[in-house]
Amino acid sequence: MSKADTSVRVAWAADAEAIAGVQVRSWRTTYATLLPAAVLDSLDPADIAAQWRASLQRPPDARNRALVVLARDTVVGFAATAPADDPDCDPVADGAIIAFHIDPDATGQGHGSRLLNASIDTLRADGFRRAVTWLFTADDAMRAFLTAAGWAPDGAHRELAPEADSAGPRAKQVRLHCSLVEGTPTD
């Protein structure tokens, strides 16, 4: 497939089912050893699509964006950007990549790099000076991908329970960041 057969664009509400499909396949593959099987098995593409459709039709903030990467006319990945909402972040200066997934059958074809570059361009266009993203500490592939692109840990970490009131295993995450000011290295 040539570069002319691939593109990244703003997601439309009509993309909700495709985004949900990529999300479910990606989670079930990427997080198979990180999250309980019951959590992954309970993912309902129809429910997730409904959530994406609502979010795409009425984003909570004008700077909440979703992007899709296409191979020909098929959605093979997506990302979502927004103002960072961590307590130690400045929602005016700090933007976040809050979701980033490539379909497992489409990895290794440059789609992730195209999508990451488009996400960074979107965050810059929205006036953010720094980008942050959270990833599972055991997600070595995503960490390697982001660090190769200039991202670095900023010292923040957290643990998430699969459900708000669950006493089950907690998933550990680390936050990475990068400067969006061109020519400025990551601190």
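The values are calculated or read from the model by the stated rules, or taken from the named source; none is laboratory data. Fair warning: this is a prediction, and the values are worked out from it, not measured in the lab. Here Cβ is always computed from backbone atoms with ideal geometry, including for glycine, and neighbour counts include all displayed protein chains.
This table checks each residue for (1) under 24 Å from C178 (Cβ atoms); (2) among the β-branched types (V, I, T); (3) under 16 Å from the mean Cα position of the chain (by Cα).
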position	(1), (2), (3)
D47	no, no, no
Q57	no, no, no
A66	yes, no, yes
D73	no, no, no
T81	yes, yes, yes
D94	yes, no, yes
Q109	yes, no, no
S113	yes, no, yes
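Tell me whether the stretch 107-128 contains one or more residues that are outside any strand (DSSP E or B), more than 17 Å from R9 (Cβ to Cβ) and free of Cβ contacts under 8 Å to residues at least 24 places away in the same chain.
Scanning the stretch 107-128 turns up at least one residue that is outside any strand (DSSP E or B), more than 17 Å from R9 (Cβ to Cβ) and free of Cβ contacts under 8 Å to residues at least 24 places away in the same chain.
Residue check: is R53 surrounded by fewer than 17 Cβ atoms within 10 Å (Cβ to Cβ) and in a helix (DSSP H, G or I)?
no
Name the residue that is farthest from T133 (Cα to Cα), counting only residues in the stretch 79-92 that are of a type outside the set (V, I, T) and surrounded by 14 or more Cβ atoms within 10 Å (Cβ to Cβ).
Selected residue: P91.
Of these, D86, D47, D61, D15, which one is assigned to a helix (DSSP H, G or I), within 22 Å of L116 (Cα to Cα) and either out of contact with any His (no Cβ under 6 Å at 6 or more places or on another chain) or at pLDDT below 95 (or both)?
Within the list D86, D47, D61, D15, the selection yields D15.
Return yes when R114 is at pLDDT 95 or above and basic (K, R) and no when it is not.
yes
For the structure I just gave you, tell me whether T81 is touching a Ser or Thr at 6+ places or on another chain (Cβ under 9 Å) and among the hydroxyl-bearing types (S, T, Y).
yes
Give the stretch 56-78 a look and list any residue that's crowded, with 16+ Cβ neighbours inside 10 Å and more than 24 Å from Q173 (Cβ to Cβ), or say none.
L56, V68, L70, A71, V75, V76
List the number of the failed condition for H101; all other conditions in (1) closer than 19 Å to A32 by Cβ; (2) assigned to a helix (DSSP H, G or I); (3) not β-branched (V, I, T) hold.
Result: H101 passes all but (2).
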